[in-house]
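The values are calculated or read from the model by the stated rules, or taken from the named source; none is laboratory data. Note that this is a predicted model, so its numbers are computed, not measured. Cβ atoms come from the backbone with ideal geometry, glycine included; neighbour counts cover every protein chain shown.
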Amino acid sequence: MTGVTDLLDLAPVIPVVVLHDAADAIPLARALVAGGLPVIEVTLRTHTALDAIRAISAEVPEAIVGAGTVLRPAQAEAAVEAGARFLVSPGWTDRLLDALRAMGVPFLPGVATASEVLALLERGVREMKFFPAEAAGGVNYLRSLSAPLPTARFCPTGGIGPESAREYLALPNVGCVGGTWMLPADAVRTHDWGRVEELSREAAGLRG
């Protein structure tokens with residue numbers, strides 16, 4: 001992976017992972033990779049997130065692990081130090097955008113409006129997270145943006161399931177989607193990694 005464009009093209013779905021136990025990080029990542037989803041976003045919503053990123057980076061080299069819910073420059077720095085190979089934020093400010101760019105890894109700043117997209121395009125950013133996707137207008141909204149803003153490309157995340165994922169992936173301005181449906185809470189709680197792998201394989205087959 002050499003840039004954010006590659007990131008959007010590696011798999012149709014980026015699993016959005018919230019881990020409460022760092023011990024689950026390695027088997028979960030292996031199940032996702034085995035199912036065909038090598039790009040893994042570990043959100044910085046829990047105190048175990050950085051340890052999980054560190055573990056996946058060290059023990060699952062075939063995974064491309066990144067950090068999500070990056071809200072502050074210090075979080076971006078800590079995530080990259082832990083081994084994150086990409087960064088994702090739910091929104092952006094000038095200060096945060098500068099920090100993301102300074103880390104030297106691919107990044108996806110979040111947008112929800114046409115004005116936010118235009119502002120990023122002015123700053124040379126063409127790949128973005130569309131969040132919260134379903135609440136912000138969903139497939140129809142992104143379809144409407146494709147004609148006036150053809151150079152913008154998105155990874156929609158937020159409220160997406162396997163059926164809506166197909167609709168998003170059919171859009172010309174969508175590279176991949178983010179989702180959690182391949183990580184059912186009960187499967188993670190009971191360590192049913194076989195089920196995670198099966199659901200990941202189904203998600204990996206959504207494009208094409």
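List of remarks:
- Tally, over the stretch 72-96, of residues that are among the charged types (D, E, K, R), assigned to a helix (DSSP H, G or I) and more than 19 Å from G3 (Cα to Cα): 2
- Residue in the stretch 71-84 that is acidic (D, E) and more than 27 Å from S57 (Cβ to Cβ) present: no
- Counting only residues that are crowded, with 21+ Cβ neighbours inside 10 Å and in contact with a Leu (Cβ under 9 Å, 6 or more places away or on another chain), the stretch 100-115 holds 6 of them.
- Taking the criterion of being among the polar types (S, T, N, Q) and either modelled with pLDDT under 95 or under 16 Å from the mean Cα position of the chain (by Cα) (or both), the only residue of the stretch 87-111 that qualifies is S89.
- For beta carbons closer than 6 Å, sequence separation of 6+ or different chains, a first residue in the stretch 8-33 that is over 16 Å from A84 (Cα atoms) and basic (K, R) and a second that is modelled with pLDDT of 95 or more and buried (at least 18 other Cβ atoms within 10 Å of the Cβ), the qualifying pairs are R30/V60.
- Checked against (1) over 21 Å from T69 (Cβ atoms); (2) of a type outside the set (F, W, Y); (3) touching a helix residue (DSSP H, G or I) at 6+ places or on another chain (Cβ under 8 Å); (4) not in a loop (DSSP other than H, G, I, E, B), E198 passes all but condition (3).
- Just one of the listed residues (A84, A67, A63, A34) is within 20 Å of A133 (Cα to Cα) and modelled with pLDDT of 95 or more, namely A67.
- Unmet criterion (only one of (1) basic (K, R); (2) in contact with a Pro (Cβ under 9 Å, 6 or more places away or on another chain); (3) farther than 17 Å from T5 by Cα) for R189: (2)
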